[in-house]
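Notes to accompany the following structure.
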Amino acid sequence: MSPNGLGRESFWRACLAGSSGVRRISRFDPADFSVQIAGEITDFDEAAWTDPKERPHISRATPLARAAAGEALAHAGLDTSQMTRDQLREVGIVLGSGGGSQEWTEQQYRHWFAGEHKQCSVYVIPTSTIGTLASEVSMYFGLRGMSHIVSTGCTSSTDAIGYAFRQIQCGMIDCMLAGGVDAPLAPLILRGFQLMRIMTQRWNHEPHRGSRPFSGDRDGFVLGEGAWMFVLEERDHALRRGATILGEISGYGSTCEAYHRVRLEECGEEPARTMQMALREAGLAPEAVQYVQYHGTSTQLNDRIESRAMRLAFGPHAYRLCGSSVKSMIGHPQGASGAAGVAVCLLAMRDGQVPPTINLETSDPDCDLDYVPKTSRPLAIEAAVANCIAFGSKNSALCLRRPA
């Protein structure tokens, strides 16, 4: 569920076409904000995934996660309504989210301080507890395996997929639903990011040009929302079911710079080490990778240091390696961004086509790699890396391979 397309194929067509989902915020009136744009999903039918009586008691993240999970389960050929209780016990979920139901909780506070006490939900506590978000998906589909949330900032969904991978790898379970969701478009959240001065304020008049990863004139990210979900299975389990296999997770790495709440260390060593860890587990030399899906937020600091980390991790091959940032088209969906990057990698492998980084209009000597500017490109991909960087000095990466 993406700002530039609902459903896997719609999202993918938009990405290949370089179509942006960034627009003026319509969820609330942004006129008093210096930042008035976001990667907002405007045509999503929440009612298709919620009961009208439950909607006041759950966050927007819940129907988004359910919808993305529903598509993933259907594509995997898993109809949970036809599964026995024992079968449902063999499917777990690990969901990554940076903010969870934060926008919903913000609304509850608005009711309280406005004296609208009767409008506060009876479920203020459980819905505001981030772990309940995974439970909402489990309950909707009847999944009885583990139901966990990973919340590590912008690396949340990368880590969620990594943890699901580990559960399968160690033989704890054969099938996991994993991915990410965030829906952070709310006044106080926007104000908080605005106070940090890390969002672009220059493109309110041309929203589609606002997210500009690696461009020399970038001046901040664009907030976004969305959900991207996957069914992960042990390979033989998937083959026995006749499932369509999009790719293999072959390596996962995660580090912490232990440096700063929001800033990255200039040297880029830890994000580089994260990618090297994923490659090492995958048994791949840097030269075996054809594509990287960058974190690419469009801030001066992130893009410069991520480019430096690439040169450290891949050596001379970094200049022969192409990569792009889907955030140029969808904004920054916070904890769901890693899952969005995984989706891009898998679909690029499937079709032999990589999406562009749009709005890359001005060169930057610190960002001197091949970011596939402006238009998509044909490329045969055997191995790809999806990279993620988060507040709190966190770094995570997944190595993906074409299915055997």
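The values are calculated or read from the model by the stated rules, or taken from the named source; none is laboratory data. Computed from a predicted model, the values in this text were never measured in an experiment. Neighbour counts run over all protein chains shown; Cβ positions are idealised from the backbone, glycine included. All accessible areas refer to the heavy atoms of the entire protein, side chains included, with ligands and DNA or RNA removed. Shrake-Rupley method; radii C 1.70, N 1.55, O 1.52, S 1.80 Å.
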- Item | Condition broken by S121, with the remaining ones in (1) on the phi > 0 side of the Ramachandran plot; (2) touching a helix residue (DSSP H, G or I) at 6+ places or on another chain (Cβ under 8 Å) satisfied | (1)
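Results for (1) in contact with a helix residue (DSSP H, G or I) (Cβ under 6 Å, 6 or more places away or on another chain); (2) open to solvent by 40 Å² or more (accessible area, probe 1.4 Å), shown as yes or no for each residue.
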| position | (1), (2) |
| --- | --- |
| A14 | no, no |
| G21 | yes, no |
| D45 | no, yes |
| P52 | no, yes |
| R55 | no, yes |
- Item | Residue, least open to solvent (accessible area, probe 1.4 Å), within segment 212-240, restricted to residues that are more than 23 Å from A339 (Cα to Cα), among the charged types (D, E, K, R) and part of a loop (DSSP other than H, G, I, E, B) | R218
- Out of segment 95-123, which residues are free of Cβ contacts under 8 Å to residues at least 60 places away in the same chain, surrounded by 17 or more Cβ atoms within 10 Å (Cβ to Cβ) and of a type in the set (A, V, I, L, M, F, W, C)? W104
- By residue number, the members of segment 313-332 that are hydroxyl-bearing (S, T, Y) and buried (at least 20 other Cβ atoms within 10 Å of the Cβ) are S324, S325, S328
- Item | Single unsatisfied condition, A183 versus (1) over 19 Å from E71 (Cα atoms); (2) crowded, with 18+ Cβ neighbours inside 10 Å | (1)
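A quick yes/no check of all residues on (1) of a type outside the set (V, I, T); (2) at pLDDT below 95:
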position	(1), (2)
T297	no, no
L312	yes, no
A340	yes, no
E361	yes, no
A404	yes, yes
- Task: Scan segment 199-211 for residues that are part of a loop (DSSP other than H, G, I, E, B), closer than 15 Å to K327 by Cα and over 18 Å from the mean Cα position of the chain (by Cα) and jot them down.
- Result: T200, G210
- When you look at G145, is it of a type outside the set (A, V, I, L, M, F, W, C), over 19 Å from the mean Cα position of the chain (by Cα) and modelled with pLDDT of 95 or more, yes or no? yes
- Name the residue, out of L133, L88, that is at pLDDT 95 or above, under 24 Å from T244 (Cα atoms) and of a type in the set (A, V, I, L, M, F, W, C). L88
- Residue among G192, G180 that alone is modelled with pLDDT of 95 or more, out of contact with any strand residue (DSSP E or B) (no Cβ under 8 Å at 6 or more places or on another chain) and either farther than 23 Å from D364 by Cβ or among the hydroxyl-bearing types (S, T, Y) (or both): G192
- Condition check for S10: under 30 Å from N204 (Cβ atoms) and open to solvent by 10 Å² or more (accessible area, probe 1.4 Å): yes
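Filter segment 368-386 down to the residues that are open to solvent by less than 10 Å² (accessible area, probe 1.4 Å) and in contact (Cβ under 8 Å) with a residue 60 or more places away in the chain and list them by number.
The answer is Y371, I381, A383, A384, V385, A386.
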- Message: Cβ-Cβ distance below 8 Å, separation of 6 or more or different chains: which pairs start in segment 137-164 with a residue that is on the phi > 0 side of the Ramachandran plot and end on one that is outside any helix (DSSP H, G or I)?
- Response: G142/M83; G153/G98; G153/A390; G153/K394
- Quick check, is G70 touching a Ser or Thr at 6+ places or on another chain (Cβ under 8 Å) and in contact (Cβ under 8 Å) with a residue 24 or more places away in the chain? no
- Item | Those residues of segment 357-404 which are part of a strand (DSSP E or B), of a type outside the set (D, E, K, R) and out of contact with any strand residue (DSSP E or B) (no Cβ under 7 Å at 6 or more places or on another chain), in sequence order | C367, A390
